[in-house]
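Q: Here it is, the structure in full.
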Amino acid sequence: MLRLAICDDEPEQRAAICRLLQEYAAARPSLAVKLSLFSTGWELLGAVETGGGFDLYVLDVVMPGLSGVDLGVRLRGLDSSGVI
């Protein structure tokens, strides 16, 4: 199972990224994918702290509160194996 985290503060962008990744997964039936969507970096950090890391992180760079760059630094401290 490939676990993917999408973090973007704009709902339209989250939905668009989700659709693209779902299309990618649908074209590869042997690839099991689980998408998790987050609207803030703090939500994503909480999920990683309680449920473990993801295989891939797709992060918006400009977000209020915690930027995608700062989020990436914090994620790297919690999960060294996930691709950002």
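The values are calculated or read from the model by the stated rules, or taken from the named source; none is laboratory data. Keep in mind the model is a prediction, meaning the values are calculated, not measured. Every residue, glycine as well, gets a Cβ built from its backbone with ideal geometry; the counts of neighbours run over all protein chains shown. Each accessible area value is taken on the protein alone, full model and side chains, heavy atoms only, with ligands, DNA and RNA left out. Shrake-Rupley method; radii C 1.70, N 1.55, O 1.52, S 1.80 Å.
Q: When only residues in region 39-53 that are farther than 12 Å from Leu4 by Cβ and touching a Cys at 6+ places or on another chain (Cβ under 8 Å) count, which is most open to solvent (accessible area, probe 1.4 Å)?
A: Only one residue fits best here, namely Glu43.
Q: Find the residue count for region 54-66, including only residues that are more than 9 Å from Cys7 (Cβ to Cβ) and open to solvent by less than 30 Å² (accessible area, probe 1.4 Å). Steps first, answer last, please.
A: First, pick out the residues of region 54-66 that are more than 9 Å from Cys7 (Cβ to Cβ): 54-56, 61-62, 64-66.
Checking the rest, the ones that are also open to solvent by less than 30 Å² (accessible area, probe 1.4 Å) come to 54, 66.
Residues that pass the stated criteria total 2.
Table: residues versus (1) open to solvent by less than 80 Å² (accessible area, probe 1.4 Å); (2) modelled with pLDDT of 95 or more; (3) out of contact with any helix residue (DSSP H, G or I) (no Cβ under 8 Å at 6 or more places or on another chain).
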| site | (1), (2), (3) |
| --- | --- |
| Met1 | no, no, yes |
| Cys7 | yes, yes, no |
| Gln13 | no, yes, yes |
| Leu20 | no, yes, yes |
| Glu23 | no, yes, yes |
| Ala27 | yes, yes, yes |
| Leu31 | yes, no, no |
| Leu37 | no, yes, no |
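Q: State whether one or more residues within region 30-37 are within 13 Å of Ile84 (Cβ to Cβ) and out of contact with any Gly (no Cβ under 7 Å at 6 or more places or on another chain). Full working, then the answer.
A: Going through region 30-37, the residues within 13 Å of Ile84 (Cβ to Cβ) turn out to be none.
Within region 30-37 (the criterion being within 13 Å of Ile84 (Cβ to Cβ) and out of contact with any Gly (no Cβ under 7 Å at 6 or more places or on another chain)), the answer is no, since none of the residues qualifies.
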